[in-house]
Each structure stands twice: as structure tokens, then as C-alpha cells.
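Below is one structure, written out as C-alpha cells; the observations come after it.
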Amino acid sequence: MNVELNDMNQDRAVSMILRDLTMMGLIPEESKGEIRPYLNALWVAGWEKGRESVVSPYCKQLGQYNKAGKLINTFKSIEEASRQTGFSTRGIHVSMQENRAMRQGWVWKHL
């Protein structure tokens with residue numbers, strides 16, 4: 001099966017996989033309807049896993065601390081912190097990665 005699945009939509013990819021499995025004799029033609037829901041579930045699971053690996057660092061709760069180390073505020077994500085404080089997501093992320101305070105003095109840590 002030398003099909004490039006990256007740029008395909010789910011229905012088309014599942015249809016092509018079913019066709020190839022049938023042509024190779026791995027599944028009988030009459031079983032395609034029974035197997036399709038399982039292939040759809042696999043597609044969704046793979047999509048979610050890939051999405052999680054990209055999104056997860058940005059979806060962790062974090063705390064905003066002052067210079068004295070006192071917790072000032074908590075946020076559900078870097079994006080939420082950025083929206084509410086006006087600081088860029090990149091600035092918050094770099095501050096957290098380098099474990100240092102921002103120019104304004106705020107310290108950010110995952111909770």
C-alpha cells in the first residue's frame with residue numbers, strides 16, 4: 001500500500017485502505033462495512049495523538065508569580081495567560097523554558 005495518507009481526508013483514506021485490503025485478499029468484500037467503523041476509529045485516534053503532541057505543551061495550567069515568588073494568578077493555558085495579560089505566548093513560553101523572569105518581573109511556571 002503506497003498511498004500518501006497525510007494530505008487525505010478521513011473518508012477517502014479509509015475507502016482506499018479498504019479497497020487495498022480487499023485487493024490483497026486480506027479481507028472479503030462483504031466485510032468492508034463491518035471493518036469501516038474500526039478504521040475510522042483508528043484514523044481519529046491517530047489524529048488525536050498527533051494533535052496532542054503538538055498542542056500539549058501549550059495546554060498545561062500555569063501560574064504567574066511576582067518577583068518575591070508569590071502566586072498572583074493561574075491560567076488554563078499559555079494562550080489564556082497571553083489573552084488576559086497582554087504578554088505574547090512566545091514571551092511566556094521562553095520565560096518558562098529558560099526558568100527566568102520576564103522583563104516586567106513576572107515568573108511563569110507550570111502547575
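Read-outs: derived from the displayed coordinates by stated rules, not from any lab. These numbers were taken from a predicted model, which means no experiment stands behind them. So basically every Cβ, Gly included, is an ideal-geometry build from the backbone, and we count neighbours across all protein chains shown.
Please work out whether region 59-110 counts as rounded, prolate or oblate from its C-alpha gyration tensor, where a ≥ b ≥ c are the square roots of the eigenvalues and a/c under 1.5 means rounded, while otherwise a/b larger than b/c means prolate and anything else oblate? Working shown, then result.
Values: a/c = 1.43, a/b = 1.21, b/c = 1.18.
Rounded is the answer for region 59-110, as its axis ratio a/c remains below 1.5.
What is the magnitude of the charge dipole of region 59-110 about its Cα centre, with +1 placed on the Cβ of each Lys and Arg, -1 on the Cβ of each Asp and Glu, and no other charges, expressed in debye to the nearest 20?
Using Cβ point charges on Lys, Arg, Asp and Glu, region 59-110 gives about 120 debye.
Can you give the net charge of the other residues whose Cβ lies under 15 Å from the Cβ of Lys67, counting K and R as +1 and D and E as -1?
The answer is +4.
Using Cβ counts within 10 Å as a stand-in for footprinting exposure, how do Asp11, Asp20 rank, fewest first? Don't skip to the answer; put the middle values down first.
On the way: Asp11 11, Asp20 14.
Sorted ascending by nearby Cβ count, the order is Asp11, Asp20.
Provide the packing ranking of 32-41, 73-82, i.e. peptides ordered by the mean count of other C-beta atoms within 10 Å per residue, highest first. Let's see the in-between values first.
Values: 32-41: 12.8, 73-82: 16.7.
With the highest mean Cβ count within 10 Å placed first, the list reads 73-82, 32-41.
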